[in-house]
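Undergrad: One structure, pasted below without further comment.
The values are calculated or read from the model by the stated rules, or taken from the named source; none is laboratory data. The shown structure was predicted, so the numbers you read here are calculated from the model rather than taken from an experiment. Neighbour counts run over all protein chains shown; Cβ positions are idealised from the backbone, glycine included. Calculation scope for accessible area: heavy atoms of the full protein, side chains included, ligands and nucleic acids excluded. Shrake-Rupley method; radii C 1.70, N 1.55, O 1.52, S 1.80 Å.
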Amino acid sequence: MKINWKVRVKSKTFWLTLVPALLLLAQIVTSWFGYNFAADLVGEEITRFI
């Protein structure tokens, strides 16, 4: 079972699920180092942009 990355990258659904996942990952990693990453504010700005 292989993933067709060319088709996947062109999909809007792929990007709409990848961006929040990356924001959540960034929030978790920054909290390990004691920083407060406001992913909710960034998410709202990205939502307005899209």
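Undergrad: Inspect all residues belonging to the stretch 2-15 and state whether any of them is surrounded by 11 or more Cβ atoms within 10 Å (Cβ to Cβ) and among the aromatic types (F, W, Y).
TA: Within the stretch 2-15, one or more residues are surrounded by 11 or more Cβ atoms within 10 Å (Cβ to Cβ) and among the aromatic types (F, W, Y).
Undergrad: Would you confirm whether any residue within the stretch 22-44 is among the hydrophobic types (A, V, I, L, M, F, W, C), in contact with a Gly (Cβ under 8 Å, 6 or more places away or on another chain) and open to solvent by less than 100 Å² (accessible area, probe 1.4 Å)?
TA: Looking only at the stretch 22-44, we keep the residues that are among the hydrophobic types (A, V, I, L, M, F, W, C), and these are 22-26, 28-29, 32-33, 37-39, 41-42.
Then drop every residue that is not in contact with a Gly (Cβ under 8 Å, 6 or more places away or on another chain), which leaves 23.
Filter once more, so that each one left must be open to solvent by less than 100 Å² (accessible area, probe 1.4 Å): 23.
Yes.
Undergrad: Under 7 Å between Cβ atoms, which residue pairs at least 6 apart in sequence (or on different chains) link something in the stretch 36-50 that is without any contact (Cβ under 8 Å) to a residue 12 or more places away in the chain with a partner that is not in a loop (DSSP other than H, G, I, E, B)?
TA: Filtered contacts from the stretch 36-50: F37/A26; F37/Q27; F37/T30.
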